[in-house]
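One structure is given below, encoded as structure tokens.
The values are calculated or read from the model by the stated rules, or taken from the named source; none is laboratory data. All figures in this text were calculated on a predicted structure; none of them were measured in a lab. Note: ideal-geometry Cβ built from the backbone for every residue, glycine included; neighbour counts use all protein chains shown. Just so you know, the surface numbers come from the protein's heavy atoms only, side chains and all, with ligands and any DNA or RNA stripped out. Shrake-Rupley method; radii C 1.70, N 1.55, O 1.52, S 1.80 Å.
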Number of protein chains: 2
Amino acid sequence: MSKKAKLKIIPLGGLGEIGKNITVLEYGDDIILIDCGMTFPEDEMLGVDIVIPDISYLFRNRDKIRGLVITHGHEDHIGAIPYTLKRLNIPIYGTKLTLALLETKFKEHKLENVNLNIVKHGDFVKLGKFEVEFIATGHSIPDSSALAIHTPVGIVFHTGDFKVDYTPISGNVIDLTRFAELGKEGILCLMADSTNAERPGYTMSESTVGTAFRDMFANAKGRILVATFASNVYRVQQIITAAERNNRKVVLSGRSMINTTTVAYELGYLDVQEGTFIDINDMDKYRKDEIVVITTGSQGEPMSALTRIAYGEHRKISLLEDDLIIISATPIPGNEKTVSKIINKLIEKGSEVIYDSLAEVHVSGHAKQEELKLVHTLLKPKFFIPVHGEYRHLKIHSDLAHDLGMPRENIFIIENGQTLEFTQDEAKRGPIVQAGNILVDGLGVGDVGNIVLRDRKHLSEDGLIVVVMSIDKQNRNVVSGPDIISRGFVYVRESEDLMAESREIVKKVLSDCEKNKITDWTTLKFNVRDSLRSYFYEKMKRNPMILPIIMEV
Amino acid sequence: MSKKAKLKIIPLGGLGEIGKNITVLEYGDDIILIDCGMTFPEDEMLGVDIVIPDISYLFRNRDKIRGLVITHGHEDHIGAIPYTLKRLNIPIYGTKLTLALLETKFKEHKLENVNLNIVKHGDFVKLGKFEVEFIATGHSIPDSSALAIHTPVGIVFHTGDFKVDYTPISGNVIDLTRFAELGKEGILCLMADSTNAERPGYTMSESTVGTAFRDMFANAKGRILVATFASNVYRVQQIITAAERNNRKVVLSGRSMINTTTVAYELGYLDVQEGTFIDINDMDKYRKDEIVVITTGSQGEPMSALTRIAYGEHRKISLLEDDLIIISATPIPGNEKTVSKIINKLIEKGSEVIYDSLAEVHVSGHAKQEELKLVHTLLKPKFFIPVHGEYRHLKIHSDLAHDLGMPRENIFIIENGQTLEFTQDEAKRGPIVQAGNILVDGLGVGDVGNIVLRDRKHLSEDGLIVVVMSIDKQNRNVVSGPDIISRGFVYVRESEDLMAESREIVKKVLSDCEKNKITDWTTLKFNVRDSLRSYFYEKMKRNPMILPIIMEV
């Protein structure tokens, strides 16, 4: 079997998009899964909370699945795991912090008895015919791993999200030595992070942000509030360190900041002096220049602590004169305007606000071009699949690999669901399997689709007109109505004439139908909708959803 | 009168926002208006097409208005003029290209007999007690002006949108000599563009983009498509020049590109060789390397030519192998994701795409910090109002003025509607007048307000449930229904049980009401809505709009 079997690599998410990372490796009767993340909805996915991958392919092959290996604990790599576990029971392998963050999700989802297995960098995990080696990398969360998956046809190397940081804040430095060894041994296929593939040069070390903090903290006269990603434990560490150097206490604000930092602290990922953390209720016991608040909301999220502070709606923290606010993050594409609004609001209230346009208070967690070249050069893979990126990122990453000497035919820019089949010497495209987006709205998973979204879009643009009337079953007389109700269409007080005219139009349709002996409700409704649509469009250049309802009495 | 009268400056738009620029200057019985622009709706203004300023203050003082002076022909400075002219007949003064662009708007709005007066740089226009001097500046559209408004209490200097470009593509160089003269004469108050106040250094000259084009055009093997702003006549000129140097013909694509370029060409703002422009239908008569297409869609606008080309929906232009596509623009905040989608689509189809992350194919039209310092230093104003910017831009621009030596109390960061009152020596805040946003949706101006927007938002997030029933007027029996209709809520085929259960809940409410002798429809509707809301929230964590309708028969 193993002689003839081919290795299949099937990305079910993360290609042609940033987020929702999930990859299937299949060999004979064995399947392993790398990561299982979520992503945020596109603008047109109105009302949708999150988007998770379609795992129909896994469900159909559920007997083959040997395990899920996780590169790190970010939402776009672990966020869909609870939904997947509700359908499939899979043993999970990851580093300590990664699994601890995952467990907080399981509590929220009330998932119990999950088969969790902690691994360390350097460990090998045997899963069917696969052996997965966890290798230290750098990223904006501790305990991140690259994976070398030893398969019967060769080694598949998956970088996970990574950057090359020679001076990380704690933990292991990226294990370039092991990268080099594996490169010498021979890599069949590399899958590498393309997020920053458009950017020339190197991503700066996380430690440079600490240097910037040091100066800002030393000069601040009042309180300091720093907003950042809760999962960026290194950043939180550097804020704590700068606070301690300046004899300031640290308050945590925002649910995810408190949860994540607590987990990281309890597991020993944070180096904090006794007494540094204080409760938010004890802030008043200290002078303004003895306080640092670390808060969520660096993306301007509507319900986050920073947003509530900016709008004066936070129960415990009101802005004070001399407050220094540092937004230690860059807006994720799509969040620019929301973040800018918060910045404006904070400055209006008199705070000094430092953000990415003004100072180096954030660095990326992803490798730029020179780092990618380093990793390609060390690993010397035979085949290459750029992953984690929109098409533009995958394309430029593939050009980079080509510039380093790899033949074009050995590089595969593929889409979610596209199978690649590997032997020791060859790689080719195989069948396309089901892959795509499952929309989560409230408790509903997958019950919002194109028709629902199209209706929401229609309603959002020009609102709704309901036309309702009761008609006598026997003689087909209108016994009540037509009544016209509008929502999201026009100010009611300005629309009285409009509504009166609409009613006349509907009455005319009804009498025309009567004249022409049209008695089926479908035609009647169609005519009502059609006449009103023309009327509103001509009168107002608007196109509300029109919902004619006939009650037979 | 004029001895005691004070000069009032009242911005009605453009402060605390980018766009919708409009400023009132008032002295005694004379009012003049500077610009009258529109802006694009915020994300939460669902279904709204454009936003224009509230001009109630002008309407109340309409007898005083002597004229509208325009700095340049961009939408955020002229876009609201047709709406204003429908309520107020005001003589308009501007440069040739500015007024020509305005006239194309008047045609669309079927406005006739507008009092338009062409002025040249260096001209003075007397408007009541005001004398307005038009001064050449640089910007991303030709014929841009700064305005020196000579008033009885001193000179008010308004920069308009500007940058300092020593090598513009055509027309006048910014008249720094006149800036210096006026500075020596004495400026009472400066109002200056803050758009780029956060950015250090100088904005590059427009001509640097031409240099980039030259190399790209020389190396291109197939067609070249360049997307840019239709109003950037300089950019269009540089594309045409690069085309001519490489023996390529030029095709214009997109309505606004054709209209604006035609106007600019006919008025002599474009230097084009005979035979360079060809009709889009004649493209096939030329080889691929003889064609340049200049197109709209640089912001990823859904109906634009570039979007239609990317999605294969353009009637005349299909993408070909070897096409080089240059997006000669930067996404305006909020458009990042849309532009990125188009880029992905174009690269997927095999085109080479050059955009701002990859090469210098765009420069800003607004002054950065060093240019602002130059202008402040030449003009040496007594008072300063930073304009054209969100609060963050106004704040940093005011800090810049302070760093140059201006006392804080002479700098006014104000909001739309805030009056400032000036004598020769003093400035202070006066009353706040009505100012704000008027939403335009289709033909409706101002008929969409907060309630309508709130309903649209509600409908867009979780859709709609209509509950309709006919009840006998006399004995209060339900004679038909309750029927339940949903839109934008959940897939109908998956919701049959849900709808059946909802109907049972409504029936229960009806029978409870009957038992409790509740007979008024308002209470009945309230109870229906309440029960269903709880049910849907508990079952699905969703909150659709619920619309109970009772027909009396």
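Restricting to region A:340-371, what's the tally of residues that are of a type outside the set (A, V, I, L, M) and in a loop (DSSP other than H, G, I, E, B)?
Total satisfying the criteria: 12.
Here A:ASN281 does not fit the description of being more than 27 Å from A:LEU15 (Cβ to Cβ), of a type outside the set (Lys, Arg), assigned to a helix (DSSP H, G or I) and facing chain B (nearest Cβ under 10 Å). Report yes if B:THR241 is surrounded by 24 or more Cβ atoms within 10 Å (Cβ to Cβ), outside the structural domain of B:ILE78 (by TED's automatic domain parsing) and either in a loop (DSSP other than H, G, I, E, B) or of a type outside the set (Gly, Ala, Ser) (or both), otherwise no. In short, no.
Applying the criterion of being open to solvent by 10 Å² or more (accessible area, probe 1.4 Å) and among the hydrophobic types (A, V, I, L, M, F, W, C) to the residues of region B:359-374, the residue that is nearest to the other protein chains (Cβ to nearest Cβ) is B:ALA359.
Beta carbons closer than 6 Å, at least 6 apart along the sequence or on distinct chains, pair a first residue in region A:440-455 that is within 7 Å of another protein chain (Cβ to nearest Cβ) with a second that is open to solvent by less than 30 Å² (accessible area, probe 1.4 Å) and assigned to a loop (DSSP other than H, G, I, E, B) for A:ASP441/A:GLY47; A:ASP441/A:VAL48; A:ASP441/A:VAL448; A:GLY442/B:ARG542; A:ASP447/B:VAL490; A:VAL452/B:GLY488; A:ASP455/B:GLY488. Being touching a helix residue (DSSP H, G or I) at 6+ places or on another chain (Cβ under 6 Å), open to solvent by 80 Å² or more (accessible area, probe 1.4 Å) and within 7 Å of another protein chain (Cβ to nearest Cβ) is a property that B:LEU459 lacks. No other residue among B:ASP289, B:ASP356, B:ASP284, B:ASP323 is open to solvent by less than 40 Å² (accessible area, probe 1.4 Å) and out of contact with any helix residue (DSSP H, G or I) (no Cβ under 7 Å at 6 or more places or on another chain) apart from B:ASP323.
Restricting A:THR338, A:THR377 to those that are open to solvent by 40 Å² or more (accessible area, probe 1.4 Å) and at pLDDT below 95 reduces the list to A:THR338.
Does at least one position in region B:400-423 carry a residue that is among the hydroxyl-bearing types (Ser, Thr, Tyr), over 23 Å from A:SER340 (Cβ atoms), in contact (Cβ under 8 Å) with a residue 40 or more places away in the chain and assigned to a strand (DSSP E or B)? There is at least one residue in region B:400-423 that is among the hydroxyl-bearing types (Ser, Thr, Tyr), over 23 Å from A:SER340 (Cβ atoms), in contact (Cβ under 8 Å) with a residue 40 or more places away in the chain and assigned to a strand (DSSP E or B). Of the residues examined, A:ARG542 is not one that is open to solvent by 100 Å² or more (accessible area, probe 1.4 Å), out of contact with any His (no Cβ under 7 Å at 6 or more places or on another chain), under 27 Å from B:VAL445 (Cβ atoms) and not aromatic (Phe, Trp, Tyr). What is the residue count in region A:410-439 for residues that are closer than 26 Å to A:HIS366 by Cα and within 14 Å of chain B (Cβ to nearest Cβ)? Result for region A:410-439: 5. Could you tell me which residue of region B:464-489 is nearest to the other protein chains (Cβ to nearest Cβ), considering only residues that are open to solvent by 10 Å² or more (accessible area, probe 1.4 Å) and of a type in the set (A, V, I, L, M)? Taking the candidates together, the pick is B:VAL479.
Checking A:SER495, A:SER470 one by one, the residue that is hydroxyl-bearing (Ser, Thr, Tyr) and in contact (Cβ under 8 Å) with a residue 40 or more places away in the chain is A:SER470 and no other.
Taking region A:9-60 as the range and being basic (Lys, Arg) and crowded, with 18+ Cβ neighbours inside 10 Å as the test, only A:LYS20 passes.
Tell me which of these A:ASP425 doesn't satisfy, since it passes every other one: (1) outside the structural domain of A:PRO11 (by TED's automatic domain parsing); (2) acidic (Asp, Glu); (3) open to solvent by 20 Å² or more (accessible area, probe 1.4 Å). Just one mismatch for A:ASP425, condition (1). Specify the residue that is surrounded by the most Cβ atoms within 10 Å (Cβ to Cβ); the eligible residues are those in region B:262-275 that are touching a helix residue (DSSP H, G or I) at 6+ places or on another chain (Cβ under 6 Å) and without any contact (Cβ under 8 Å) to a residue 40 or more places away in the chain. Checked region B:262-275; the qualifying residue surrounded by the most Cβ atoms within 10 Å (Cβ to Cβ) is B:LEU270.
Based on what the data block shows, is B:ARG529 basic (Lys, Arg), facing chain A (nearest Cβ under 10 Å) and buried (at least 17 other Cβ atoms within 10 Å of the Cβ)? No. Among the candidates B:LEU99, B:LEU111, the residue that is in the same structural domain as B:PRO11 (by TED's automatic domain parsing), in contact with a strand residue (DSSP E or B) (Cβ under 7 Å, 6 or more places away or on another chain), not in a strand (DSSP E or B) and not polar (S, T, N, Q) is uniquely B:LEU99. Scanning region B:189-202 for residues that are open to solvent by 10 Å² or more (accessible area, probe 1.4 Å) and more than 14 Å from chain A (Cβ to nearest Cβ) returns a single hit, B:TYR202.
Is it true that A:GLY222 is crowded, with 16+ Cβ neighbours inside 10 Å and in a loop (DSSP other than H, G, I, E, B)? Against the criterion (crowded, with 16+ Cβ neighbours inside 10 Å and in a loop (DSSP other than H, G, I, E, B)), A:GLY222 qualifies. Within the span defined as region A:504-518, every residue fails to be under 28 Å from B:GLU552 (Cα atoms), at the interface with another protein chain (Cβ under 8 Å from one of its Cβ atoms) and free of Cβ contacts under 8 Å to residues at least 60 places away in the same chain. For region B:393-409, a residue qualifies if it is more than 14 Å from chain A (Cβ to nearest Cβ) and open to solvent by less than 30 Å² (accessible area, probe 1.4 Å), and the qualifying residues are B:ALA401, B:MET406. Please count how many residues of region B:341-353 are open to solvent by 40 Å² or more (accessible area, probe 1.4 Å) and either more than 9 Å from chain A (Cβ to nearest Cβ) or without any contact (Cβ under 8 Å) to a residue 24 or more places away in the chain (or both). Residues in region B:341-353 being open to solvent by 40 Å² or more (accessible area, probe 1.4 Å) and either more than 9 Å from chain A (Cβ to nearest Cβ) or without any contact (Cβ under 8 Å) to a residue 24 or more places away in the chain (or both): 4 in total.
Residue by residue, here is whether (1) closer than 19 Å to B:THR23 by Cβ; (2) more than 24 Å from the chain's Cα centre (by Cα); (3) not aliphatic (A, V, I, L, M) holds:
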{"site": "B:ALA367", "(1), (2), (3)": "yes, no, no"}
{"site": "B:LEU374", "(1), (2), (3)": "no, yes, no"}
{"site": "B:LEU379", "(1), (2), (3)": "yes, yes, no"}
{"site": "B:LEU400", "(1), (2), (3)": "no, yes, no"}
{"site": "B:LEU404", "(1), (2), (3)": "no, yes, no"}
{"site": "B:ILE411", "(1), (2), (3)": "yes, yes, no"}
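For region A:41-76, a residue qualifies if it is under 23 Å from A:LEU97 (Cβ atoms) and within 14 Å of chain B (Cβ to nearest Cβ), and exactly one does: A:ILE50.
Taken over region A:140-158, residues that are within 15 Å of A:SER364 (Cβ to Cβ) and open to solvent by less than 10 Å² (accessible area, probe 1.4 Å) amount to 2.
A count restricted to region A:374-411 and to residues that are closer than 18 Å to B:LYS349 by Cα and of a type in the set (Gly, Ala, Ser) stands at 2.
Of the residues making up region B:249-261, those that are in a helix (DSSP H, G or I), open to solvent by 20 Å² or more (accessible area, probe 1.4 Å) and hydrophobic (A, V, I, L, M, F, W, C) number 1.
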